[in-house]
Amino acid sequence: MNEQSYLRYRVLMQLIDCALLDITTLQYKPRALLASLLYLLIGKSFKQFTTEQIVEIFPHSSMYLLDAEDCYNDLFSHFLIYSFGFQLIDLLPNVQYISTFFQLPVDCNLPTATRINQENVLEVDHHHLFSLSSILRAILRSSWRIKHIIHLASSISISDES
């Protein structure tokens with residue numbers, strides 16, 4: 001993996017993270033949202049459209065996606081059918097929704113748990129990662145408890161209404 005592909009990966013993951021924080025995302029199928037993100041990110045990388053076009057035009061228009069003469073749309077359409085089983089037109093609502101996230105700032109700096117040594121080899125501070133994993137385990141345990149409490153509360157309220 002080179003630096004440019006790593007930066008694209010970071011952008012993709014941050015956009016996914018932002019989308020997951022928006023409750024509206026639940027209205028869309030995850031595979032279609034991912035395919036839409038790929039459509040936008042790859043198209044932007046190959047200079048088929050700019051961030052300004054994605055943010056200002058794509059949420060309100062469909063002309064860019066319906067252009068069958070466009071080489072990028074033709075190529076991505078074949079990829080989409082082969083990899084996801086979707087038609088390009090099926091992505092329209094997803095592309096319109098996910099394009100709004102491209103106005104958010106993206107941080108492409110290395111995570112604090114990593115550093116690059118003199119030989120440009122990426123190193124990971126394992127102590128930092130272990131402390132993060134214990135924090136994540138605690139969060140997952142507490143979220144499981146919250147889900148369990150919500151489930152119990154909803155079952156109690158249902159039995160109270162009967």
- request: Name the single residue, out of those in region 1-24 being at pLDDT below 90 and among the polar types (S, T, N, Q), that is nearest to Ile89 (Cα to Cα).
  value: Gln14
- request: Kindly establish whether Met63 is closer than 24 Å to Asn109 by Cβ, among the aliphatic types (A, V, I, L, M) and surrounded by fewer than 13 Cβ atoms within 10 Å (Cβ to Cβ).
  value: no
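The values are calculated or read from the model by the stated rules, or taken from the named source; none is laboratory data. Here the structure is a predicted model, which means the values were calculated and not measured. Here Cβ is always computed from backbone atoms with ideal geometry, including for glycine, and neighbour counts include all displayed protein chains.
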